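Participant: Sharing a structure below in structure tokens format, with a few things to ask.
The values are calculated or read from the model by the stated rules, or taken from the named source; none is laboratory data. Since we're looking at a predicted model, the values are computed, not measured. Because the Cβ atoms are built from the backbone with ideal geometry, glycine has one as well, and the counts that use them run over all protein chains shown.
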Amino acid sequence: MNLQITPLSSALGAQISGVDLSRDLNAEQRNAIEQALLEHQVLFFREQPITPQQQARFAARFGDLHIHPIYPNVPGQPEVLILDTAVTDVRDNAVWHTDVTFLPTPAMGAVLSAKQLPAYGGDTLWASGIAAFEALSRPMQSLLDGLSATHDFTRSFPLERFGTTAADLARWEETRRKNPPLSHPVIRTHPVSGRKALFVNDGFTTRINELEPAESEAILKLLFAHTTRPEFTIRWRWQENDVAMWDNRVTQHYAVDDYRPQRRVMHRATILGDVPF
Ligand SMILES: O=C(O)CCC(=O)C(=O)O
Ligand SMILES: [Fe+2]
């Protein structure tokens, strides 16, 4: 096997070459990618022109796939959602977030494929919750460890923007009913590596439950700013047919909204995770 792993920054990110994601991976390749993901948290593959079916098959090697309640998906391949600026308002991805933390079992990871890109702009950044946690002072780490936070779907999918037509409104209301606000630990332990990571995100986290509202607001603000310090991030400049895969248990990401009205089309397959602890 000639899989090469090139680390891209100290906090997270590696480029992987020597593998063709359009083909069924053998066990050795699959395990090497999983190991690289544990270590580097976000992986980048260049020149991978995969079909939605191949993307879903690749992602499914790492777990069951999630069907997103709001975003449109590829006809006949509902596990692959479409982020197309000509169709969907994707501005809420221009906030630092971890995907679907409004679920009791948020995604363990995702595979994102670049289909159509603007001439410039449209980069995506990832931040390491592990690097962010480890850089906190000991007193702050012990204050946060053991606390829980509320995550709410409506923070990133507000009714005003996602309930405009009758059909959208019905889907939004059903999603809201099925996904009431819930709690996750503020500090999450990675279920495989055992490493600790900050697990609050500006996309969905509304409060730290055990603190007074003003304390919660101030500390969340501090943590959101802290997690996304440039030192803990990597910024990816996309080329068409690039694929990124991230460990959604310990990272956040931000899709830079700097290219509209140019069109940008991405496909995402989301891998289900387990209950955070
Ligand atoms: O469009 C992107 O680059 C990333 C969007 C996003 O947040 C996601 O796919 O989860
Ligand atoms: Fe996302």
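Participant: Output yes when any residue across segment 98-107 is among the charged types (D, E, K, R) and under 15 Å from Phe204 (Cβ atoms), and no when none is.
Facilitator: Filtering segment 98-107 for residues among the charged types (D, E, K, R) gives 99.
From the residues that got through so far, the ones that are under 15 Å from Phe204 (Cβ atoms) too are 99.
Within segment 98-107, one or more residues are among the charged types (D, E, K, R) and under 15 Å from Phe204 (Cβ atoms).
Participant: Starting from segment 238-257, keep only residues that are on the phi > 0 side of the Ramachandran plot, then list their pairs with residues that are in a strand (DSSP E or B) and away from ligand 2 (no atom under 12 Å from the Cβ) whose Cβ atoms are within a distance under 7 Å, requiring at least 6 positions of separation or different chains.
Facilitator: From segment 238-257, the pairs are Asn241/Ala114.
Participant: For segment 202-216, does any single residue satisfy the condition of being away from ligand 2 (no atom under 16 Å from the Cβ) and closer than 24 Å to Gly13 by Cα? Please lay out each step first, then the result.
Facilitator: Filtering segment 202-216 for residues away from ligand 2 (no atom under 16 Å from the Cβ) gives 206-216.
Narrowing further to those that are closer than 24 Å to Gly13 by Cα: none.
So far as segment 202-216 goes, no, none of its residues is away from ligand 2 (no atom under 16 Å from the Cβ) and closer than 24 Å to Gly13 by Cα.
Participant: Consider segment 82-136. How many of its residues are under 12 Å from Arg249 (Cα atoms) and assigned to a loop (DSSP other than H, G, I, E, B)?
Facilitator: Residues meeting the conditions: 8.
Participant: Please enumerate the residues belonging to segment 124-163 that are of a type outside the set (Phe, Trp, Tyr), in contact with an Asp or Glu (Cβ under 8 Å, 6 or more places away or on another chain) and more than 17 Å from Arg188 (Cα to Cα).
Facilitator: Ser156, Arg161, Gly163
For every residue, the table says whether it meets (1) modelled with pLDDT of 95 or more; (2) within 15 Å of ligand 2 (Cβ to nearest atom).
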{"position": "Arg177", "(1), (2)": "no, no"}
{"position": "Leu182", "(1), (2)": "yes, no"}
{"position": "Lys196", "(1), (2)": "yes, no"}
{"position": "Ala218", "(1), (2)": "yes, no"}
{"position": "Met245", "(1), (2)": "yes, yes"}
{"position": "His253", "(1), (2)": "yes, yes"}
{"position": "Ile271", "(1), (2)": "yes, yes"}
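Participant: I'm told Pro191 meets every condition in (1) within 30 Å of Ala11 (Cβ to Cβ); (2) surrounded by 15 or more Cβ atoms within 10 Å (Cβ to Cβ) except one. Can you identify the failing condition by its number?
Facilitator: Answer for Pro191: the failing condition is (2).
Participant: List, please: which pairs have Cβ atoms under 7 Å, are six or more places apart or on different chains, and start with a residue in segment 87-99 that is closer than 17 Å to Thr165 by Cα and more than 9 Å from ligand 2 (Cβ to nearest atom) and end with one that is part of a helix (DSSP H, G or I) and not β-branched (Val, Ile, Thr)?
Facilitator: Listed by first residue and then by second, the contacts come to Asp89/Arg161.
Participant: Which of the residues that make up segment 105-158 are within 16 Å of ligand 2 (Cβ to nearest atom), of a type in the set (S, T, N, Q) and at pLDDT 95 or above?
Facilitator: Listed by number, the residues that qualify are Ser113, Thr124, Ser128.
Participant: For segment 107-129, which residues satisfy the criterion of being more than 12 Å from ligand 1 (Cβ to nearest atom) and more than 15 Å from Val256 (Cα to Cα)?
Facilitator: Met108, Ser128, Gly129
Participant: Just checking, does segment 53-68 include any residue being touching a residue at least 40 places away in the same chain (Cβ under 8 Å) and in a strand (DSSP E or B)?
Facilitator: yes
Participant: Quick one: which of Gln29, Gln55, Gln77 is surrounded by fewer than 22 Cβ atoms within 10 Å (Cβ to Cβ) and out of contact with any helix residue (DSSP H, G or I) (no Cβ under 9 Å at 6 or more places or on another chain)? If you could, list the steps in order and put the result at the bottom.
Facilitator: On the way: Gln55 fails: surrounded by fewer than 22 Cβ atoms within 10 Å (Cβ to Cβ); Gln77 fails: out of contact with any helix residue (DSSP H, G or I) (no Cβ under 9 Å at 6 or more places or on another chain).
Checking each option against the conditions leaves just Gln29.
Participant: Would you call Val80 more than 12 Å from the chain's Cα centre (by Cα), more than 12 Å from ligand 1 (Cβ to nearest atom) and touching a residue at least 60 places away in the same chain (Cβ under 8 Å)? So that I can check it myself, show each step before the final result.
Facilitator: Working: more than 12 Å from the chain's Cα centre (by Cα): yes; more than 12 Å from ligand 1 (Cβ to nearest atom): no; touching a residue at least 60 places away in the same chain (Cβ under 8 Å): yes.
Here the answer is no, as Val80 does not meet what is asked.
Participant: Another question, if that's okay. Can you find, within segment 71-89, the residue that is nearest to Ala59 (Cα to Cα) among those that are of a type in the set (Asp, Glu) and touching a strand residue (DSSP E or B) at 6+ places or on another chain (Cβ under 6 Å)?
Facilitator: Glu79
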